[in-house]
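To start, the structure under review is shown below, and the notes come after it.
A short reminder: the numbers here are calculations on the coordinates, not readings from a lab. Because the structure is a prediction, the values reported are computed rather than measured. Here the Cβ positions follow ideal geometry from the backbone for every residue, glycine too, while neighbour counts run over all protein chains shown.
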Amino acid sequence: MSSFVTHAGVLHAESVSLTVLAEQFGTPCWVYSRHALESALDEFHDELRGLDALVCYAVKANSNLAVLDVLARRGAGFDIVSAGELKRVLAVGAEPQRIVFSGVGKTSAEMELALTTGILCFNVESAAELVRLNAVAARLGKTAPISLRVNPDVDAGTHPYISTGLKENKFGVAYDEALALYRQAATLGNVEITGIDCHIGSQLLDPAPFAEALDKLLLLVDQLAAEGIVLQHIDLGGGLGIRYRDDDAQTTVKAYLQPLLARIKGRALRVLLEPGRRLVGNAGVLLTRVEYLKPGEVKNFAIVDAAMNDLSRPALYGSWHEIVPVVARPGATSTWEIVGPVCESGDFLGHGRALTLAGGDLLAILSAGAYGMVMSSNYNTRPRAAEVMVDGEQAHLVRRRETAEELYALEQRLP
Ligand code: LLP
């Protein structure tokens, strides 16, 4: 069941009308569905039942505390990439032993915080990071549990900005260097080798590259075991895509996990996953109101109150988000450019959309739960939008709208 459905001609989040939410909280406004979050996580748990597995939600996709809280209560662990994200997940009571730390540029201070917290694993991305982590752990009298993030050099076939598993990408340890680095890690006194990790890219709609990466990782697992380096877990990263458009290919969680389940049988390996987008992407919409219609000779513009500073994916990646009216209006459609008020021609949310519009109409920009609010900025001194989570018939404000004064509160004039 989709959590965003039309009842009596009005788009709802679960049982709450988006018209009512717009009146109550204003626009632009992010609206999340608790039910959608939970069912997305349940899909993973259902497929992994019976297996020693931990789904570590990639916090970067949507780090609102309410989102983290809902997922933690439903059994998720977390994949973090900064001290800030670590503090967020601890703020919702996440268990340290359910947290993995990814990222190519962990600072010593971040390592310290994670070591004193006692997280499950550091996903180490380079030889230099390994040496640094060992030194920081030694200074604290601790042992850092590690896996190496191996770059399996597979083509994930996604947008170049979000493809990470190729030789040319900055991520992970080159496949051919991984064995040597594991051997080096085994000689270090303050790291403990516990696993192996990869993440090949994001918004992947074909399960084949995951299977290819997995095979390459399992080969390393066996080579390491032959040398007496026995791993306890394998982390396949995140990356499973969602449907942004009706004609997008769709991969079920089942199809994605099938190669893993088939290959992991009989191996004493715990499975870790780091899905982000798949858990939150379709659980959120961005609600916006049409300020002005500006029909033109060449193009018709619908200027809405959300902009590229709110949802940057269209401007940044040319991403498509479905845009639908909250209340469908009768009449012939026209083709509209859906644009924001920001002073850049790149400020668009959708090109060439066939809609029947009038000034004041409410629109919902769909599949905006992942990499939406987290990537928003205050460009043009635009306060970031409110975030609301719907739970059945209840709507909870989970982040209030910023005020303009807050945006310059940290600034100083010269004496
Ligand atoms: N693990 C690691 C190490 C990652 O770098 C990422 C995402 C994930 C897990 C989660 O990937 P997901 O399951 O969400 O695909 N801003 C871009 C996406 C950037 C993804 C970065 N890494 C977008 O809006 O499409």
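Annotations for the structure displayed:
- Antiparallel %, DSSP beta bridges [both residues in the chain], to 5: 45
- Its Cα gyration tensor gives segment 210-309 an equivalent ellipsoid; the semi-axes, largest first and in whole Å, are 46, 13, 12.
- Rounded to the nearest 20 debye, the dipole magnitude of the chain is 460 debye, with +1 charges on Lys and Arg beta carbons, -1 on Asp and Glu beta carbons, and the Cα centre as origin.
- Centre separation in Å (Cα based) which lies between segment 378-415 and segment 1-44: 21
- Shape descriptor for segment 343-391: Rg over Rh equals 0.97 (Cα atoms; Rh from the Kirkwood inverse mean 1/r).
- Residue-wise HN-Hα coupling along segment 116-131, computed from phi with Karplus coefficients 6.51, -1.76, 1.60 (Hz; x: Gly, Pro): 6, 5, x, 6, 5, 6, 9, 8, 7, 10, 7, 5, 5, 5, 4, 5
- Computed 3J(HN,Hα) for segment 270-283, one whole-Hz value per residue from the Karplus formula 6.51 cos²θ - 1.76 cosθ + 1.60 where θ = phi - 60°, is 6, 9, 10, 10, 10, x, x, 3, 5, 7, 10, x, 8, 9, glycine and proline marked x.
- From its DSSP helices (H runs of at least four residues, each -39,500 (n - 2.57)), the chain gives a residue-normalised ellipticity at 222 nm of -8500 deg cm²/dmol.
- Whole-Å distance, taken between Cα centres, linking segment 339-368 and segment 228-271: 36
- For the pair segment 211-227 and segment 114-156, the centres of their Cα atoms are 19 angstrom apart.
- Measuring between alpha carbons in the structure, the pairs from 60/299; 142/170; 216/254; 170/216; 60/170 lying more than 27 angstrom apart are 60/299; 142/170.
- D_trans [Stokes-Einstein, Kirkwood Rh over alpha-carbon pairs] for segment 221-277, 20 °C, 1.002 mPa s, µm² s⁻¹: 160
- For segment 322-415, applying the loop criterion from DSSP together with a ceiling of 11 other beta carbons within 10 Å to the chymotrypsin sites (Phe, Trp or Tyr not before Pro) yields 408.
- For residue 398, the residues whose amide H sits under 5 Å from its own are 387, 388, 389, ignoring neighbours fewer than 5 places away on the same chain, with H placed 1.01 Å from N.
- Kirkwood Rh in Å, taken over all unlike Cα pairs in segment 103-273: 16.6
- In the elastic network of the chain, a GNM with C-alpha springs shorter than 10 Å, the most mobile of 342, 55, 31 is 342.
- Farthest towards the positive end of the charge dipole of the chain, among the residues 307, 205, 403, is the Cα of 403, using unit charges on the Cβ of Lys, Arg, Asp and Glu.
- On Cα atoms only, tilt of 208-226 relative to the major axis of the chain in degrees: 20
- Largest-first principal axis extents of the Cα set of segment 6-130 (Å): 58, 38, 24
- Karplus (6.51, -1.76, 1.60) ³J(HN,Hα), θ = phi - 60°, over segment 133-143, in Hz, Gly and Pro reported as x: 4, 4, 5, 5, 5, 4, 4, 8, x, 10, 10
- The fraction of all Cα pairs in segment 248-374 landing in successive 10 Å bins from 0 to the largest distance is 11, 37, 24, 13, 9, 5, 1, given as whole percents.
- Close amide-amide hydrogen proximity is noted between residue 349 and 338, 339, 340, each under 5 Å apart and 5 or more residues distant or on a separate chain (H modeled in the peptide plane; Pro and chain starts excluded).
- Interchain or long-range residues, amide H under 5 Å from residue 173's placed H: 149, 150, 151
- Neighbour-count ranking [beta-carbon atoms within 10 angstrom, fewest first] of 117, 27: 117, 27
- As a length-normalised measure over Cα pairs under 8 Å and 6 or more apart, the relative contact order of segment 289-406 settles at 26 percent.
- With a Förster radius of 41 Å applied to the beta-carbon distance between residue 299 and residue 215, the computed FRET efficiency rounds to 0.25.
- Residue order for 406, 38, fewest other beta carbons within 10 angstrom first, comes to 406, 38.
- Pairwise label distance in nanometres, residue 399 with residue 227, each label 7 Å out on the Cα-Cβ vector: 4.3
- Taking all Cα-Cα distances within the chain, those exceeding 35 Å account for 32%.
- Residues 101, 25 in ascending order of nearby Cβ atoms (within 10 Å, fewest first): 25, 101.
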